[in-house]
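Here is the structure we will look at, set down as structure tokens.
The values are calculated or read from the model by the stated rules, or taken from the named source; none is laboratory data. The structure presented is a predicted model; accordingly, all values stated were derived computationally and were not measured. Here the Cβ positions follow ideal geometry from the backbone for every residue, glycine too, while neighbour counts run over all protein chains shown. When the accessible area is computed, the model is the full protein with side chains, heavy atoms only, and any ligands, DNA or RNA have been set aside. Shrake-Rupley method; radii C 1.70, N 1.55, O 1.52, S 1.80 Å.
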Amino acid sequence: MFQGPTAEGRKTARPRRFLRDIARHLAIILVTLGAIEIMLRVVDFRDLRDGYGAGYPIVFRHDPELGWSPVPNSVAEFHGSRTITVQHNSLGLRDIEPAGPRRPTVLFVGDSLVWGYDVEAGDRFTERLRMNRPDLKIINAGVPGYGTDQEYLLLNRVWDATQPDVVILMVCVQNDREDNTSNVRYGGYLKPYLEQAPDGQWRFSGQPVPWSRFAYFNSSALVRASWLARLGVSAFVQLRYPVVSVTDPTERVIRMMRDLVEARSGKFMVGLQYHDAQLESFLQAQGISFTSFDGAPSFDGTHWTPTGHEIVASRLQSLLETVGVAELARSAEWAEDR
């Protein structure tokens, strides 16, 4: 006569079945996660890549005040539409060290147009000006992706180390207004932004700037290695820090930058990527000298070629001469006062 399992046998079988069920479910989960990981890699979602431009994680880092900033003393190949060599100095500027004999100093702030996206450092307008005007110290303080708001904050940060006599803001007419009206740019880079508070005062918000998903991608070995982890991080950051849009503060930021420079006895000027009636009307009303660079050749409709930089340098030299920088360079009073 058949006899079923004993009570003791049933007690032994239960944990085994439980363990087998756990192992089976874990296997299903792992296979599913593995399949999703493979799918994400094959599909190659743009939002899950390391950021724009290969080499970006090597020479840029998260910055709680500015959003992102160049790594001081970093060197790397950078791949935009062309491959270039990038080297930043001890201040995190793509430039030579600002040390040396004291001379009248002209500092340029701006975005990738100034930094020199797609061109070697020696082909930029700042280097051409440096060769043409050895009586001046030319400093390049451009950072890719920056809006005018970030450029204002950067200028304030590097002022003591550079001591500029002239500051020229280079405006990217194509996208600076968009940069200035949001806390998220270029597919997920978080940044500070200027907004008007209910009491009428203008204040920077979004600081300290949270880590963007790209900062996680580049700082965590797990997130860097797994696209599934990147998907999870992206979802968390986008839910935790949603997009904020504010009224365009561009003219306000330009006025703030002018006031900052003039309060420190400097001259302030503006270079425009191309003509912009609204901005030009504002600059004229404010008495701010400016020039524009219409017709300067570019690789992609935005970033100047070496020939484009040469044209930009020529127009900037004319602007500097118009506002009397040559007299500043020759002035004995300048040397005595400094």
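Table for the structure above
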read-out	value
Matching entry among T83, T148, T162 (being buried (at least 24 other Cβ atoms within 10 Å of the Cβ) and among the hydroxyl-bearing types (S, T, Y))	T148
Breaking point among (1) closer than 16 Å to I96 by Cβ; (2) over 21 Å from the mean Cα position of the chain (by Cα); (3) at pLDDT 95 or above, for D160	(1)
Qualifying positions in segment 94-119 - under 18 Å from H303 (Cβ atoms) and open to solvent by less than 10 Å² (accessible area, probe 1.4 Å)	R94, F108, V109, G110, D111, L113, V114, W115, G116, D118, V119
Per-region count, segment 278-293, residues outside any strand (DSSP E or B), under 24 Å from the mean Cα position of the chain (by Cα) and either free of Cβ contacts under 8 Å to residues at least 60 places away in the same chain or under 19 Å from R130 (Cα atoms) (or both)	1
Any hit, segment 178-185, residues being open to solvent by 10 Å² or more (accessible area, probe 1.4 Å), of a type outside the set (V, I, T) and modelled with pLDDT under 95	yes
Complete set of residues in segment 71-80 that are assigned to a strand (DSSP E or B) and open to solvent by 10 Å² or more (accessible area, probe 1.4 Å)	V75, A76, E77, H79
Identity of the residue in segment 54-68, small (G, A, S) and surrounded by fewer than 21 Cβ atoms within 10 Å (Cβ to Cβ), that ends up modelled with the lowest pLDDT	A54
L328 vs. criteria open to solvent by less than 40 Å² (accessible area, probe 1.4 Å), part of a helix (DSSP H, G or I) and modelled with pLDDT under 95	yes
Residues located in segment 202-216, provided they are at pLDDT below 95 and of a type in the set (G, A, S)	S212, A215
Pick from segment 120-145, criterion open to solvent by less than 10 Å² (accessible area, probe 1.4 Å) and in a helix (DSSP H, G or I), ranking: farthest from D63 (Cα to Cα)	L129
Candidate set from segment 217-268 (those that are modelled with pLDDT under 90 and touching a strand residue (DSSP E or B) at 6+ places or on another chain (Cβ under 9 Å)); member that is least open to solvent (accessible area, probe 1.4 Å)	N218
Per-region count, segment 166-222, residues among the hydroxyl-bearing types (S, T, Y) and in a strand (DSSP E or B)	4
Matching residues in segment 248-277 - criterion: being more than 19 Å from L113 (Cβ to Cβ) and part of a helix (DSSP H, G or I)	E251, R252, R255, M256, R258, D259, L260, V261, E262, A263, A277
